[in-house]
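Here's the structure we're looking at; comments come further down.
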Amino acid sequence: MLSSLNLKVILLRTILITVFSVLFFYTYAESAQEFTNPEDTISLSFDTTVLGIFEQVERQTNLKFAYNASDIDPTLEFDLEIEKTWMISELLDEISRVSELKFSRIDNYISVRIREYKKKR
Amino acid sequence: MKKKNLSNLTDFLSDDSFVNWVRYGNENTAIAEEWDIWLEQNPDKQVLVSEAKNYLTLLNSPVKPMDVSSKELLRSKILGQIGQNRSTSSSDDKNIRSMIPWNKMVWYAAASVVIIASVLALRVLNVDTDSSNASLIVQSNAAGDVTKISLSDGSEVLLSTSSTLQYLDNFDKTKREVTLIGEAFFNVVPDPNRPFIVSSGEVLTEVLGTKFNVKAYVGEDIEVSLTEGKVKVIENDNSDNQLVLSPSERAIFAKHSSTFEKTPFEEEYATAWMDRKIVFREADLNVIKSQLEKWYDVEINYLNQPSSETRLNAEFVKEPFDKVLKTIGSTLGFDFEVEGKRVEIDFLSEEN
């Protein structure tokens, strides 16, 4: 009787450990897949307007841009080399260097702004 | 006195002289003397005479009223007897039934006919008016939920976050009517005989069969966006105020002016919520607040205003609230504090 009870407890613990392990690895694997490596690359087409570049990055990666349309001139065009494979980080650094746009990354979202804000203490 | 031959009890009881002697012997001394002499002459008849006298005395004695205990005893005996009889055989039941008077039997029969006729009539009426037998179903979605609802006519509804749909589980024969608070996408099965009507606050949307999106959250303007077929939008209190939409057209009902405006729309954005996407397209602070409150069941409070105009472009798919808020905060320049369901947003000032 006692040994049967022990067996049940061991079995239950084994099942729970297995379930949690599977869930943990599944979640980890899924979230890992979603993130785009900063070293990922894209190839730019002839459209090098700011919104054109955002759209190409979004289409070729899992990255999404968030921006205030009031801050961005949609006609703003960059003199960037096309038919070249750009690393994402390299591309965004280049845009920041030649414009007032600033980028910060939160997982797979890229926040775009033109201002720096005073942090409150 | 010459006596007949009195040899048994019956002879004595049928003899008038004997009866008179027993009854009136005390009053008629002549008869009494006669019978005294006769008994002396016939001593062997003493026992018979005595027995006959007892019978006559009993017959002549007045009927005494029954006392209470005797009555109870008799009653319980009778009831006991009846009970035994009932449980003994069905033939006895027939006897009991036969005790029911005929006039009552007629009334019972008439009542039975009325009951049966009523039941049949109700069944027939139910067949004619299906909706009288229908139940009202209320489907409500919590924040973040999107659910698919199949209606009795085969139409399908995708109900968006923080929305409620009311409908009958069986539509009637003349129309199909549902009530919406919030947002839903309808894929309506064509039925020329039964228009499909979506009642959403001040606006009715009437169709015969088509695909369209209705957005009617409390306190917001009502939007009807058509992707397929044709729909008519009508102001609830003024049926003259109506608009017919073609595919890729949207009707926006402004609540403050009670007017419809027809505009084109991008289907991808209008129905993005179906994939649980929160899409902001040039969204101002009110839209941002309203969207986040619907999807995350929070109450947002802006402590101040940003220094520049807000027209946010962004989209999020099934992301946790803090990640969404961090991304928007970084873009628009605000700090936030979350306390339970309350969220306070504090816009930052620019660095010089």
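Bear in mind these aren't lab numbers, they're just calculated from the coordinates by the rules spelled out. For clarity, every value in this text was computed on a predicted model and none was experimentally measured. With ideal geometry, Cβ positions are generated from the backbone for all residues, glycine too; neighbour counts draw on all protein chains shown.
Just a few scattered comments:
- Candidates A:Ile42, A:Ile82, A:Ile72: the one that is buried (at least 18 other Cβ atoms within 10 Å of the Cβ) and away from chain B (no Cβ under 12 Å) is A:Ile42.
- The one condition in (1) within 23 Å of the chain's Cα centre (by Cα); (2) within 16 Å of B:Asp275 (Cβ to Cβ); (3) aliphatic (A, V, I, L, M) that B:Ala184 fails to fulfil: (1)
- Unique match (being free of Cβ contacts under 8 Å to residues at least 40 places away in the same chain, away from chain A (no Cβ under 14 Å), surrounded by 13 or more Cβ atoms within 10 Å (Cβ to Cβ) and within 28 Å of B:Val233 (Cα to Cα)) among B:Lys255, B:Lys262: B:Lys262
- Any hit, segment B:272-289, residues being polar (S, T, N, Q) and within 14 Å of another protein chain (Cβ to nearest Cβ): no
- Selected residue (criterion: farthest from B:Tyr55 (Cα to Cα)) from residues of segment B:5-19 that are free of Cβ contacts under 8 Å to residues at least 24 places away in the same chain, not in a helix (DSSP H, G or I) and not small (Gly, Ala, Ser): B:Asn5
- With respect to the conditions (1) without any contact (Cβ under 8 Å) to a residue 12 or more places away in the chain; (2) assigned to a helix (DSSP H, G or I), A:Phe103 falls short on a single one, namely (2).
- Residues that are out of contact with any helix residue (DSSP H, G or I) (no Cβ under 9 Å at 6 or more places or on another chain) and buried (at least 18 other Cβ atoms within 10 Å of the Cβ) number at least 2 in the following helices (runs of 4 or more DSSP H) confined to segment B:266-352: B:285-296, B:321-332.
- Looking across segment A:85-102 at every residue that is over 19 Å from the mean Cα position of the chain (by Cα) and not β-branched (Val, Ile, Thr), the one that is nearest to the other protein chains (Cβ to nearest Cβ) is identified as A:Glu100.
- Neighbours by Cβ (under 8 Å, 6+ apart or cross-chain): first from segment B:293-319, on the phi > 0 side of the Ramachandran plot; second assigned to a loop (DSSP other than H, G, I, E, B): B:Asp297/B:Ala142; B:Asp297/B:Ala143; B:Asp297/B:Gly144; B:Asp297/B:Ser162; B:Asp297/B:Lys341; B:Lys318/B:Arg276
- Residues satisfying the stated conditions in segment A:45-56, i.e. touching a strand residue (DSSP E or B) at 6+ places or on another chain (Cβ under 7 Å) and either more than 14 Å from chain B (Cβ to nearest Cβ) or loosely packed, with under 15 Cβ neighbours inside 10 Å (or both): A:Thr48, A:Thr49, A:Gln56
- Among the candidates B:Glu268, B:Glu249, the residue that is among the charged types (D, E, K, R), under 24 Å from B:Lys215 (Cα atoms) and touching a Pro at 6+ places or on another chain (Cβ under 9 Å) is uniquely B:Glu249.
- Failed criterion for A:Arg105 (all others in (1) of a type in the set (D, E, K, R); (2) more than 20 Å from B:Val324 (Cα to Cα); (3) within 14 Å of another protein chain (Cβ to nearest Cβ) hold): (2)
- From the list B:Val233, B:Val218, the lone residue that is buried (at least 17 other Cβ atoms within 10 Å of the Cβ) and under 17 Å from B:Ala184 (Cα atoms) is B:Val233.
- Each residue in segment B:320-352 was checked for being β-branched (Val, Ile, Thr), touching a residue at least 40 places away in the same chain (Cβ under 8 Å) and within 11 Å of chain A (Cβ to nearest Cβ), and 2 of them qualify.
- Residue in segment B:218-231 that is over 22 Å from B:Lys148 (Cβ atoms), of a type outside the set (S, T, N, Q) and in contact with a strand residue (DSSP E or B) (Cβ under 6 Å, 6 or more places away or on another chain) present: yes
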